[in-house]
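Some notes on the structure that comes next.
Each reported figure results from applying straightforward, stated rules to the coordinates on display, with no laboratory input. As the structure is a prediction and not an experimental result, all values here were calculated from the model. Here the Cβ positions follow ideal geometry from the backbone for every residue, glycine too, while neighbour counts run over all protein chains shown.
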Amino acid sequence: MTLIKSISGIRGTIGGNTGENLTPIDTVKFAAAYGAWLKNEYKKEKLKVVVGRDARISGKMIQELTMNTLIGLGIDVIDIGLSTTPTVEVAVPLESADGGIILTASHNPKQWNALKLLNNKGEFLDGEAGAKILKIAEAEDFEFSQVDKLGKISVIDDYIERHIEEVLKLKLVDGEKVAKANLRVAVDAVNSTGGIAIPALLKKMGVEVIELYCEPNGHFPHNPEPLKEHLTDICELVKEKKADFGIVVDPDVDRLAFIDENGEMFGEEYTLVACADYVLSKTPGDTVSNLSSSRALSDITRKHGGSYEASAVGEVNVVKLMKDNNAIIGGEGNGGIIYPEAHYGRDSLVGAALFLTYLAENGKKVSELRGEYPSYFMSKNKIELTPDLDVDGILKAVEKRHSGEEISTVDGVKIDFPENWVHLRKSNTEPIIRIYTEAKSQQEADELAQKMIKEIEDIIS
């Protein structure tokens, strides 16, 4: 059982001992630290926080603990109940709230839950704010309110519908055009809140929906990370029902994957590529993704006359660079679409609506669309090290060996070779180096990874 405290929130397994798992006491402690930080940060007479959750079995318990801790600090709470990560992000500015908490462990299995923390823009906190909250939690530096100054909870139970309306207002989303295309789409929402949000969005756009695992009961029928090996059921369903394609989301609906009409994976990396291709064709500009995302986005951006830059891994880092570069669209290669016209957060509803409009406009099959993009293949590996080894020194040695190549040290070491790339990053929680490679064939990507592992072993020895 595990409890992970980081600058982006607190994440852990339900049950077990305090301080080692996400117990009720740990939940209250961290919610109190966030509330105390808000009070220090904004120094307002009355603060307001939006709280929503995915459909995890532990979600209601964790939400009640979180909300009642906040009202104990004198903070008003807007309870939007069963929700999605992007819905909470959208709700914060719409409600003029001072922050937001999303209760979700994203793609982790059902025994996990987490508190993900937002600022008053509905965006994830930066490292500085996260570090302050961890410090407050460690010191247990909380001052709770007297009885006459307790906060209040108000309930808004239609925020997913409001979120859908915001998506349909986007200039590049055309529901009428999609309705005329008579599309038939299968949806796997892993029995979480995507089962509420995605079918409702599609039906509003005139799409016939075939639902699979769309009951938001928190009993995940397969590993909730939307990877090929976990998605055999929807791949079969798309073929069996002769659907135009399939949509898959993770439990909190910030990762989006597509299945083509043949039951084959479109590729999580290519979700962002396809959406960017459509957006850039209408509104030329620049793009951003992280260093571990596919080179295909750079290729597509250049095709449309824009420029591409890569940030350190992590949504906060992508968003910061997008703002710095005034990027039109960006995101992460795990199927996370960030479209600033909507908001600065990964949003599967936005991604699905853009993709549907693109398909309706060009009339192509999903497999045909995928065939138009550059084909790259990834290999993701790690090498375990003993705790006494100097990981930074090892990465410096790799950088020196390849000094003649194009190198980025924004986040670990990324080496861009002419035909492929390798990205080496150290873990913040364990003595390992993560090794991501991309090439024009799976064999080449795997071979490059093994070559880098051998090189690191040579440096160590």
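Quick one: 3J(HN,Hα) in Hz for region 346-358, Karplus 6.51/-1.76/1.60 with θ = phi - 60°, rounded, Gly and Pro as x. Rounded to whole hertz, the list is 5, 9, 6, 5, 4, x, 5, 5, 5, 5, 4, 5, 4. Excluding the site residues themselves, the longest part of the chain lacking any trypsin sites (Lys or Arg not before Pro) in a DSSP loop with at most 12 other Cβ atoms within 10 Å is 243-461.
Compute the signed sum of charges (Lys and Arg +1, Asp and Glu -1) over the other residues within less than 11 Å, Cβ to Cβ, of ALA360. For residues surrounding ALA360, the net value is -1. Restricting the calculation to Cα atoms, every distinct pair contributes to the Kirkwood radius of region 3-157, found to be 15.0 Å.
Hydrodynamic estimate: the Kirkwood radius of region 377-460 over Cα pairs, inserted into Stokes-Einstein at 20 °C and 1.002 mPa s, corresponds to D of 168 µm²/s.
Kindly provide log₁₀ I(q)/I(0) values, in the same order as q = 0.12, 0.15, 0.23, 0.25 Å⁻¹, from the Debye equation applied to equal alpha-carbon scatterers of region 15-103. Computed log10 I(q)/I(0) values: -0.34, -0.54, -1.15, -1.28.
The mean of 1/r over all distinct Cα pairs in region 266-364, once inverted, gives the Kirkwood hydrodynamic radius of 12.9 Å. In the structure shown, the pairs LYS5/LYS323; LYS242/LYS364; LYS60/LYS320; LYS228/LYS365 are assessed against 22 Å; a Cα-Cα span above that value is assigned to LYS5/LYS323; LYS60/LYS320. Based on Cα contacts under 8 Å between residues 6+ apart, region 163-371 shows a relative contact order of 21 percent.
Along each principal axis, taking the top coordinate minus the bottom one, the Cα set of region 283-328 gives 26, 20, 11 Å in descending order.
Just need the relative contact order of the chain here, percent rounded to a whole number, with Cα pairs under 8 Å and 6+ apart. In percent, rounded to a whole number, it is 12. Here the mean projected area of the convex hull built on the C-alpha positions of region 163-371 is 10.1 nm². Applied to region 386-402, the Karplus parametrisation 6.51 cos²θ - 1.76 cosθ + 1.60 on θ = phi - 60° returns per-residue 3J(HN,Hα) values of 7, x, 7, 6, 8, 5, 4, x, 5, 5, 4, 5, 5, 4, 5, 4, 10 Hz, with x for Gly and Pro.
According to the square roots a ≥ b ≥ c of the eigenvalues of the Cα gyration tensor, what is the shape class of region 16-68, taking rounded for a/c under 1.5, prolate for a/b larger than b/c otherwise, and oblate for the remainder? Oblate, because a/c is 1.5 or more while a/b does not exceed b/c.
Each Cα pair under 8 Å and six or more residues apart adds its separation to the average, and for region 3-157 the resulting relative contact order is 33 percent. Dividing the convex hull volume of the alpha-carbon atoms in the chain by its residue count gives 140 Å³ per residue. Note on the chain: antiparallel DSSP beta bridges, both residues inside, total approximately 60 percent of the bridges counted.
Full extension of the segment from SER441 to LYS454, taken as 0.36 nm per residue of separation minus the current Cα-Cα distance, would add 2.7 nm.
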